[in-house]
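Below is one structure, written out as structure tokens; comments come after it.
Throughout, read-outs are computed from the coordinates displayed, never taken from laboratory work. This is a predicted model, so every value here is computed, not measured. Neighbour counts are summed over all protein chains in view; Cβ atoms, including those assigned to glycine, are modelled from backbone coordinates with ideal geometry.
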Amino acid sequence: MARPSSEFLLAWDSLSGSAQESGWRSIPIAAAGSIVLHAGRRFPGNEEALLAEFATTNILVAESLPDGKGFSVERADPHGDGKTWLALTRKDSGSLDLFTSMACDVVGALDVAADDGHNEPRCLRVFLGRVRAWQEFMRKGAQTLSPEAEIRLIGELSLLAALITSGVPPHIAVEGWVGPQDAFQDFEIGTGAMEVKSTISTIGFPARVGSLEQLDNSARQPLFLVGVRLKQTTLGRNLPDFVDSLRSLLNDEIQVHELFSNRLLAAAYFDAHANRYPRRFELCSTRVLEIVGEFPRMTHATVPMGITRATYDLDLDKIHGENIDLSSALKKLGVL
């Protein structure tokens, strides 16, 4: 659970000033297990920061630290003691409200990891993993999902739930959900991949293909296209309900829940925005098609020379192909 924002806002307010010298001002806030935490400001810019001390863990010089829209992460030595500190700092262009939400959420993730008994190196990975998820969230605009993106995410969550209920171990299913990381397909699982298209249309099944790589099975085989048809209704589930239902399917391993939360954030879904998704849906049908042979598509191998990028539309209802049951598809993928 995220820390209360007042914990940070009061501390930052007490540290604010106009010092001209370079350096840090900070005050301790409640630790996360063995991780020492300070709210701080860096001068002369007066930027708000969260400082975390990982006293027994070395951070490799070559490790790439997150640097996103509105924030940065850097190695710091706020007290000149040579200990290992990381500073999550708001950039001048970044929203204070959003940065505060980020700091509360990241520390909340550290609290959960510490309460679960994770050691300091693991807590460092939790810290960096959650910040990188925020990096994706902010890169995608840090706004409520559009109606179209909401439908897409529900479709992906529906397939993720179906994978788990079909017998795929939760950690494999969640690790395979790579769509939020801008992979070519939504799921990389087993030897192949699965791309999900969702619609609420009652006439046809319009599906936008975003690239020449999306339906190209030359790199990963087999490749399946999964069509999820939804119906908007007053008695169905909204997006937060789909999220909560999925969480209930995960086992008790904290790392699986942590990874799922990171994927959701990277997909631009923020739990604090849950009340912004009132629409409710029912799952009407799911169609699974294997992409082989003459399946209608555009790839680098099939378009005329000189075309390097393309976006195009399909109507899945007009594609004549065998509807494969999910269990058979998963066996072909080698995960069942």
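Looking only at residues in the range 84-141 that are outside any helix (DSSP H, G or I) and among the small types (Gly, Ala, Ser), the one that is farthest from residue 31 (Cα to Cα) is 141.
Selection of first residues in the range 79-95 that are under 17 Å from residue 60 (Cα atoms) and of second residues that are among the β-branched types (Val, Ile, Thr) and assigned to a strand (DSSP E or B), restricted to Cβ pairs under 8 Å at least 6 apart or on distinct chains, gives the following pairs, ordered by first then second residue: 86/73; 87/73. So, of the residues in the range 248-277 that are in a helix (DSSP H, G or I) and among the acidic types (Asp, Glu), which turns out to be surrounded by the fewest Cβ atoms within 10 Å (Cβ to Cβ)? Within the range 248-277, the match that is surrounded by the fewest Cβ atoms within 10 Å (Cβ to Cβ) is 271.
Within the range 45-61, does at least one residue satisfy the condition of being out of contact with any Lys or Arg (no Cβ under 6 Å at 6 or more places or on another chain), free of Cβ contacts under 8 Å to residues at least 24 places away in the same chain and loosely packed, with under 15 Cβ neighbours inside 10 Å? Taking every residue of the range 45-61 in turn, at least one turns out to be out of contact with any Lys or Arg (no Cβ under 6 Å at 6 or more places or on another chain), free of Cβ contacts under 8 Å to residues at least 24 places away in the same chain and loosely packed, with under 15 Cβ neighbours inside 10 Å. Within the range 144-151, identify whether any single residue is within 20 Å of residue 273 (Cβ to Cβ) and free of Cβ contacts under 8 Å to residues at least 12 places away in the same chain, and answer yes or no. Among the residues of the range 144-151, at least one is within 20 Å of residue 273 (Cβ to Cβ) and free of Cβ contacts under 8 Å to residues at least 12 places away in the same chain, which makes the answer yes. Taken over the range 1-36, the residue count meeting the criterion of being part of a strand (DSSP E or B) and of a type in the set (Phe, Trp, Tyr) is 1.
You will find that of 15, 96, the residue that is of a type in the set (A, V, I, L, M, F, W, C) and surrounded by 15 or more Cβ atoms within 10 Å (Cβ to Cβ) is 15 and no other.
Read through the list (1) of a type outside the set (S, T, N, Q); (2) surrounded by 22 or more Cβ atoms within 10 Å (Cβ to Cβ); (3) in contact with a helix residue (DSSP H, G or I) (Cβ under 9 Å, 6 or more places away or on another chain), then give the number of the only condition that residue 155 fails. Result: residue 155 passes all but (3).
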